[in-house]
Structures are given as C-alpha cells and as structure tokens.
C-alpha cells in the first residue's frame, strides 16, 4: 500500500469504529483480515495511526473546532461530542501528531486511486491553521488534555490527587505485551524466555509477577510454538499479580467466582499444581465454555467449571463455607485497560458505572458465604475508579463486618515476596506507578460469620 492508501484506510476505519460502536481492535482486525492485499507492515502502520487518533480524540476535536474559529466553550462542546468527522480527525492528526507540513498533507490527499480525495478549501484552511501548533495546548480544559470524560475527573482526583495528569498520561500510552509462564508445562521462566527467543521474540522477566515475561515489541504470540504448547498465556502483569495474591496452594479449595474465559483460573491452577479443588464459576455459559480449550492446552485437568443460573442458584447454598480462597474478579468499567482500548473511555456512561457498582455489590454478597472461617476473599477489578474499588469494599464491610482487610504488604510477602509496590488495606496498580494495566486488589479474611 502507498502512504496515501494507508491514510485512506485509517479514515475508513475511524468511520467504521464510530458507526459500529464496537471495540476498535475488533473492527481493525476484521477490516484487515478482509483485505488480504494488506501486508504485515501495512496492517501495523494503519493500526498505529488509528489508535494514535483515538488516543488524541478529544484534543484533535478541540483543535478542529478552534482552527475553524469556534470559541473555547464551543470547542470544548465539540471535543465532548466528537463533532469532527473521521476525515477532519485524520487531517488534524497528520499535522498535530506527525508534524506534517500542509503541502505534504495535500500531496497525500490527491484524489488518486485508493487515495483520499483532494482537500476542499475548508480542509486546506484547517491544515494551514494547525501548522506549528502543539497537540496539547494550555487553553484546553483538563479533561481534554488528559483525554477522559469530564464527569470522571473528580473520581480520578480522589485516587491520584496531584499526580492526576501524570497518571492519566500513562493510561493513554500503548501497553506492552505480557505473558504468564505456565508452571504446569514448563516451570522455568528462563527456559520459556529462551524458547521465545528461538521464535524471534525477545522477552525479559516482569518486575513483580513471579511467572511473568514482557515482550520487547508486539508480536503474534498465539502463532508461536510456546503458546500452542501451553507454555505461556497472554496476560498483563497486573492480572497475574491479582491471581498470585490469592495465595492458592495445592491443598486448598479455591473458587474463581467470575471466571469468564479462565485467565485467572489458569494462573490459580498453576499455583495449585493442578491439585486440590478449583472451581470456575460464571453466569455466561459461552464465555466459560471458551475456558475449556485454554485449560486443556495448559494441562489444567482438574478444574470444575459451573454456570450459575442466577444469584439464587442452589449451588451457592450447597457450597457455603467450602472454600479457603474465593476470588471475585468483578465485572467493571475496564478503566484500567484503557491503554489497550482507548476508544472505551468515551463509551463509559454514568448509568453504566452505577450498574457496575450494583453488580459488584451483588457478587460480593454471593461470594461471602462461600468463604470458610479463616479463609480469604480477594476482590479485584481492572478499574481505577474509587466507586468500583475502595467504596465497594467499604460498603461490603458494613454489610459483612466479619471480613477484615489484611495489610497488602503482608499478603505480598506471603505470596509473591520481594518489595511490594504499596501498603495498607488494598493495592492499586497503575501504568505510571507499576508499568502495568490499572488494577485494584483487596484481600479480606473472614474472622466471624459472613
């Protein structure tokens, strides 16, 4: 593909992402698979430009409005509603992100076959007005500069305080690819690192997770022999840490109550050496069904999978006080994964957040009776919002005072070892602080009746 053809593909893809309201990575994958003429370099170049535009969506929209003579208030409104179409967004990105001169932008948009159409007079005026301007400008309101919906700023201020801009800037960067080494197949992280190197993938140990490795650059891991043979699973280090802090061991009974496709179940099975009792629960049969092939590939043969009908499923009463550890990796807003899904930040609504918190309370109430006295309930989310994290734990403790939060540094010493990146009753992992996805973890011990 020519550079101009790539730009045309980016414009088309941004239009599809906006129209279809589906995750950007899914839309991009389907688009590129349907166009076999796109080589690997073309696919990567197009995807990089699409995601760069999504990560700068608010600022680009703000600039399109300001360059068109709109007031600051109107520019802010247009940034909030993403008023600029995909073509204007890409033109602005070429100037503000790539630093391209207006005449070079006009050269790409020449109306040739598979190229973007020639610039209209208003479009040429736009790129001329943007030339030499910085993407981030002092006149932009805070929420535009940090690329998050304005209504979420108070929540982030509660968590990050004076570090808000630094933390949210890190949450808007590209995420690395982390893998978890599966001890059921190959217990040596060094051996797996060597096997990955044989397949052209340089990897190094993750800073915290004992079984984690981080790739240098992005590679098609799922096509490699180490993945097919079950030696590794794709899993961000934060998610690995959450599973490790459960402290699962071979002689325990452990329940993963929101197992989904089994990412953390696989990690727990490894910690338990595929022994003891490990139950993976979910209400979504299709998602839990996807865990089957993953468990088989990983050599985790003893995991029980069960689909719950609803919150009154008889299985819950039948298994009261049956588990040493219960992991609640609760459905949430996914704010902590925004590095991987930059478009998701603009789809979250206040109503959706309220629905998440209601569901989190319900699941915690279901999980509490499953924990035996002296056992532990581990609550985790891939969110950075206090409404889904500390607020939920505080509300849970009001309803279930028999559960006591354990100092996270003590749990870390028991399970992972080494220096813990936090202290106190819970742990918040962030891209800026720990180089991971955003994640929240609290470990509560049952001292009295649930």
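Give the residue, chosen from 230, 212, 217, that is in contact with a strand residue (DSSP E or B) (Cβ under 9 Å, 6 or more places away or on another chain) and in the same structural domain as residue 194 (by TED's automatic domain parsing). Give the steps one after another, and end with the answer.
Numbers: 230 fails: in contact with a strand residue (DSSP E or B) (Cβ under 9 Å, 6 or more places away or on another chain); 217 fails: in contact with a strand residue (DSSP E or B) (Cβ under 9 Å, 6 or more places away or on another chain).
So the residue among 230, 212, 217 that is in contact with a strand residue (DSSP E or B) (Cβ under 9 Å, 6 or more places away or on another chain) and in the same structural domain as residue 194 (by TED's automatic domain parsing) is 212.
Scan segment 404-438 for residues that are in a helix (DSSP H, G or I), surrounded by 19 or more Cβ atoms within 10 Å (Cβ to Cβ) and either within 22 Å of the chain's Cα centre (by Cα) or at pLDDT below 95 (or both) and report the count.
Looking only at that region, the number is 2.
Restricting to segment 304-320, what's the tally of residues that are out of contact with any helix residue (DSSP H, G or I) (no Cβ under 6 Å at 6 or more places or on another chain) and part of a strand (DSSP E or B)?
Residues flagged as out of contact with any helix residue (DSSP H, G or I) (no Cβ under 6 Å at 6 or more places or on another chain) and part of a strand (DSSP E or B) within segment 304-320 amount to 2.
Any idea which residue in segment 67-99 is farthest from the chain's Cα centre (by Cα), counting only those that are in contact (Cβ under 8 Å) with a residue 12 or more places away in the chain, surrounded by fewer than 21 Cβ atoms within 10 Å (Cβ to Cβ) and assigned to a loop (DSSP other than H, G, I, E, B)?
Ranking the qualifying residues of segment 67-99, first place goes to 68.
Would you mind stating whether residue 359 is in contact (Cβ under 8 Å) with a residue 24 or more places away in the chain and assigned to a helix (DSSP H, G or I)?
Details: in contact (Cβ under 8 Å) with a residue 24 or more places away in the chain: yes; assigned to a helix (DSSP H, G or I): yes.
Considered against the rule, which asks whether it is in contact (Cβ under 8 Å) with a residue 24 or more places away in the chain and assigned to a helix (DSSP H, G or I), residue 359 comes out as yes.
Out of 177, 232, report the one residue that is under 20 Å from the mean Cα position of the chain (by Cα), touching a residue at least 24 places away in the same chain (Cβ under 8 Å) and crowded, with 23+ Cβ neighbours inside 10 Å.
Sole residue among the options that is under 20 Å from the mean Cα position of the chain (by Cα), touching a residue at least 24 places away in the same chain (Cβ under 8 Å) and crowded, with 23+ Cβ neighbours inside 10 Å: 232.
Being touching a residue at least 40 places away in the same chain (Cβ under 8 Å) and touching a helix residue (DSSP H, G or I) at 6+ places or on another chain (Cβ under 8 Å) is the filter here, so list the residues in segment 272-302 that pass it.
If the condition is that a residue be touching a residue at least 40 places away in the same chain (Cβ under 8 Å) and touching a helix residue (DSSP H, G or I) at 6+ places or on another chain (Cβ under 8 Å), then 294, 297, 298, 300 are the ones that fit.
Only one residue in 147, 198, 157, 186 is over 30 Å from residue 9 (Cβ atoms) and modelled with pLDDT of 95 or more, so which one is that? First the steps, then the outcome.
Numbers: 147 fails: over 30 Å from residue 9 (Cβ atoms); 198 fails: modelled with pLDDT of 95 or more; 186 fails: modelled with pLDDT of 95 or more.
Going through 147, 198, 157, 186 in turn, just one is over 30 Å from residue 9 (Cβ atoms) and modelled with pLDDT of 95 or more: 157.
The values are calculated or read from the model by the stated rules, or taken from the named source; none is laboratory data. Predicted model only: the values in this text are computed from it and were never measured. Virtual Cβ from ideal backbone geometry, glycine too; neighbours counted across all protein chains shown.
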